[in-house]
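K.L.:
The structure follows.
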Amino acid sequence: VPVNTQEQAMKNSELFAAPKHLLGGLDKQRQYVMKIEMARKACPNCGELHNVPEAAGVAFDDYDFSAADSDRKGPCRKCKRTLIFTVPLMGDWFWRLDPNEARTPSDA
Ligand SMILES: [Zn+2]
(Lines give C-alpha, C1' and ligand atoms only; values in the text may rest on other atoms or scores of the structure.)
Protein backbone atom coordinates (compact mmCIF):
# COMPACT_ATOMS: atom_id res chain seq x y z
CA VAL A 1 0.00 0.00 0.00
CA PRO A 2 1.51 3.32 -1.06
CA VAL A 3 2.09 5.68 1.85
CA ASN A 4 0.54 9.08 1.43
CA THR A 5 2.78 11.63 3.11
CA GLN A 6 0.38 14.50 2.62
CA GLU A 7 -2.89 14.98 4.45
CA GLN A 8 -4.66 15.87 1.25
CA ALA A 9 -2.99 14.72 -1.93
CA MET A 10 -3.37 16.76 -5.07
CA LYS A 11 -5.30 15.30 -7.95
CA ASN A 12 -3.12 13.97 -10.75
CA SER A 13 -4.28 16.75 -13.06
CA GLU A 14 -3.42 19.40 -10.44
CA LEU A 15 0.00 17.94 -9.81
CA PHE A 16 0.62 17.57 -13.55
CA ALA A 17 -0.09 21.26 -14.16
CA ALA A 18 1.66 22.59 -11.05
CA PRO A 19 4.79 24.74 -11.55
CA LYS A 20 7.76 22.59 -10.66
CA HIS A 21 9.35 25.17 -8.36
CA LEU A 22 6.28 25.14 -6.11
CA LEU A 23 6.48 21.39 -5.52
CA GLY A 24 8.21 19.58 -2.70
CA GLY A 25 10.76 16.86 -3.42
CA LEU A 26 8.29 13.97 -3.41
CA ASP A 27 5.70 15.76 -5.54
CA LYS A 28 8.39 16.87 -7.95
CA GLN A 29 9.36 13.22 -8.32
CA ARG A 30 5.70 12.19 -8.79
CA GLN A 31 5.24 14.86 -11.48
CA TYR A 32 8.38 13.67 -13.25
CA VAL A 33 7.14 10.06 -13.34
CA MET A 34 3.72 11.24 -14.45
CA LYS A 35 5.09 13.27 -17.37
CA ILE A 36 7.09 10.29 -18.59
CA GLU A 37 4.11 7.94 -18.37
CA MET A 38 1.72 10.41 -20.02
CA ALA A 39 3.79 10.30 -23.20
CA ARG A 40 1.94 8.19 -25.78
CA LYS A 41 3.83 5.19 -27.15
CA ALA A 42 2.83 3.01 -30.09
CA CYS A 43 1.33 -0.47 -29.86
CA PRO A 44 3.98 -2.74 -31.47
CA ASN A 45 1.22 -4.65 -33.26
CA CYS A 46 -0.88 -1.89 -34.86
CA GLY A 47 0.81 1.42 -34.03
CA GLU A 48 -2.08 2.89 -32.02
CA LEU A 49 -0.72 5.38 -29.45
CA HIS A 50 -1.43 4.98 -25.71
CA ASN A 51 -0.10 6.53 -22.55
CA VAL A 52 -0.07 4.43 -19.36
CA PRO A 53 -3.53 5.35 -17.95
CA GLU A 54 -5.09 4.93 -21.42
CA ALA A 55 -3.74 1.40 -21.75
CA ALA A 56 -4.93 0.61 -18.22
CA GLY A 57 -8.36 2.01 -19.12
CA VAL A 58 -8.33 4.38 -16.15
CA ALA A 59 -9.10 8.11 -16.14
CA PHE A 60 -6.03 10.29 -15.60
CA ASP A 61 -7.18 11.55 -12.18
CA ASP A 62 -8.04 8.03 -11.02
CA TYR A 63 -4.79 6.45 -12.11
CA ASP A 64 -2.38 5.44 -9.34
CA PHE A 65 1.04 6.45 -10.60
CA SER A 66 2.65 4.75 -7.60
CA ALA A 67 1.42 1.33 -8.79
CA ALA A 68 4.02 -1.34 -9.51
CA ASP A 69 5.46 -1.45 -13.03
CA SER A 70 3.89 -4.88 -13.48
CA ASP A 71 0.46 -3.24 -13.15
CA ARG A 72 1.20 -0.89 -16.02
CA LYS A 73 -0.50 -2.78 -18.81
CA GLY A 74 -3.78 -3.17 -20.62
CA PRO A 75 -5.43 -3.93 -23.94
CA CYS A 76 -4.71 -1.90 -27.06
CA ARG A 77 -7.82 0.14 -27.95
CA LYS A 78 -7.52 -0.84 -31.59
CA CYS A 79 -6.21 -4.41 -31.86
CA LYS A 80 -6.91 -5.55 -28.25
CA ARG A 81 -3.49 -7.11 -27.78
CA THR A 82 -2.19 -6.67 -24.23
CA LEU A 83 0.39 -3.90 -23.94
CA ILE A 84 3.02 -4.31 -21.21
CA PHE A 85 4.99 -1.36 -19.85
CA THR A 86 8.67 -2.06 -20.39
CA VAL A 87 11.69 -0.06 -19.28
CA PRO A 88 14.97 -0.90 -20.98
CA LEU A 89 18.31 -0.61 -19.18
CA MET A 90 19.00 2.50 -21.19
CA GLY A 91 16.54 4.94 -22.71
CA ASP A 92 12.83 5.52 -22.69
CA TRP A 93 10.03 3.08 -21.82
CA PHE A 94 7.97 1.36 -24.51
CA TRP A 95 5.03 -1.02 -24.94
CA ARG A 96 5.78 -4.68 -25.48
CA LEU A 97 3.20 -7.30 -26.47
CA ASP A 98 2.25 -10.13 -24.12
CA PRO A 99 4.09 -13.18 -25.54
CA ASN A 100 1.34 -15.45 -24.19
CA GLU A 101 -1.04 -13.91 -26.70
CA ALA A 102 0.93 -14.96 -29.75
CA ARG A 103 -1.90 -17.20 -30.89
CA THR A 104 -4.84 -15.63 -32.65
CA PRO A 105 -8.18 -15.46 -30.75
CA SER A 106 -9.67 -18.05 -33.14
CA ASP A 107 -7.33 -20.68 -31.65
CA ALA A 108 -9.09 -20.44 -28.28
ZN1 LIG B 1 -2.70 -2.40 -31.16
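The values are calculated or read from the model by the stated rules, or taken from the named source; none is laboratory data. Being a predicted model, the structure only gives us computed values, none of them experimental. The accessibility values were calculated without ligands, DNA or RNA, using every heavy atom of the protein model including side chains. Shrake-Rupley method; radii C 1.70, N 1.55, O 1.52, S 1.80 Å.
K.L.:
On a full-extension model of 0.36 nm per residue, what is the gain between Leu26 and Asn100, subtracting their alpha-carbon distance, rounded to one decimal in nm?
P.N.:
23.0 nm is the gain from fully extending Leu26 to Asn100.
K.L.:
Once you've got the GNM for the chain with C-alpha springs shorter than 10 Å, pick whichever of Ala39, Ala68, Ala56 has the biggest mean-square fluctuation.
P.N.:
Result for the chain, Cα springs under 10 Å: Ala68 fluctuates most.
K.L.:
Oh, and also: Over the chain, calculate the relative contact order: mean separation of alpha carbon pairs under 8 Å at least 6 apart, over the residue count, as a percent.
P.N.:
Result for the chain is 20 percent.
K.L.:
Could I ask something else about it? For the chain, give the percent of accessible area contributed by carbon and sulfur heavy atoms, probe 1.4 Å, rounded to a whole number.
P.N.:
Roughly 55 percent of what the probe reaches on the chain is carbon or sulfur.
K.L.:
Then there is this: Please identify, among Lys11, Lys73, Lys41, the residue showing maximal mean-square fluctuation in a Gaussian network model of the chain using a 10 angstrom Cα cutoff.
P.N.:
Among Lys11, Lys73, Lys41, the largest mean-square fluctuation in the Gaussian network model of the chain belongs to Lys11.
K.L.:
How large is the helix-only mean residue ellipticity at 222 nm for the chain, computed as the sum of -39500 (n - 2.57) over DSSP H runs with n ≥ 4, divided by its residue count, in deg cm²/dmol to the nearest 500?
P.N.:
Value at 222 nm, helices only: -6000 deg cm²/dmol.
K.L.:
Hey, another quick one. Mind grabbing the accessible area of Cys46 for me, 1.4 Å probe, Å², rounded to tens?
P.N.:
The accessible area of Cys46 comes to roughly 50 Å².
K.L.:
In terms of modelled amide H atoms, which long-range or inter-chain residues lie less than 5 Å from the amide H of Leu83?
P.N.:
Amide H neighbours of Leu83: Gly74, Cys76.
K.L.:
Translational diffusion coefficient of the stretch 1-80 at 4 °C, 1.567 mPa s, Stokes-Einstein with Kirkwood Rh over Cα pairs, in µm²/s as a whole number.
P.N.:
The calculation lands on 95 µm²/s.
K.L.:
So, for the chain, what is the accessible surface per residue at a probe of 1.4 Å, expressed in square angstrom?
P.N.:
68 Å²
K.L.:
Could you work out how far helix 25-37 tilts from the main Cα principal axis of the chain, as a 0 to 90 degree angle to the nearest 10?
P.N.:
Its long axis makes an angle of about 30 degrees.
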